[in-house]
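Before any comments, here is the structure.
The values are calculated or read from the model by the stated rules, or taken from the named source; none is laboratory data. It should be emphasised that the depicted structure is a prediction, and the values quoted were computed from it without experimental measurement. Reconstructed Cβ throughout: ideal geometry from the backbone, glycine too, with neighbour counts over all protein chains shown.
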């Protein structure tokens, strides 16, 4: 089997310099940012968040404020395609459910992402 030099082997990489603005791509990016502990990514030690360090045991205002701050700081720094609108936290048994609300920049489209963390 042979390929000509003008044949495109990987269609996904043809336009790799373009920014993707769809909800699935942004959802994946938000998950990656929030679930990557700071210092764990070789070559990018500042990438990620401290979300997994936030103690969720006391379900009180200070915990919610701390979690919201951690999520906000990470998304503002690493996800330039959105504007962070808020975070809702629900604790249920041994699971913490986060609902992250955002808006696409330069658009009125809003989205949300649910993220479950086990305690």
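Before moving on, here are some points about what is shown:
- Count of residues meeting criterion [surrounded by fewer than 18 Cβ atoms within 10 Å (Cβ to Cβ), over 13 Å from residue 74 (Cβ atoms) and within 12 Å of the chain's Cα centre (by Cα)] in segment 25-49: 3
- Test for residue 56: is it under 30 Å from residue 106 (Cβ atoms), at pLDDT below 85 and in contact with a strand residue (DSSP E or B) (Cβ under 7 Å, 6 or more places away or on another chain): no
- Wholly enclosed strands (runs of 3 or more DSSP E) of segment 50-119 bearing at least 1 residues surrounded by 12 or more Cβ atoms within 10 Å (Cβ to Cβ) and touching a helix residue (DSSP H, G or I) at 6+ places or on another chain (Cβ under 6 Å): 82-92, 110-118
- Hey, residue 77 under 21 Å from residue 27 (Cα atoms) and at pLDDT 95 or above or not: yes
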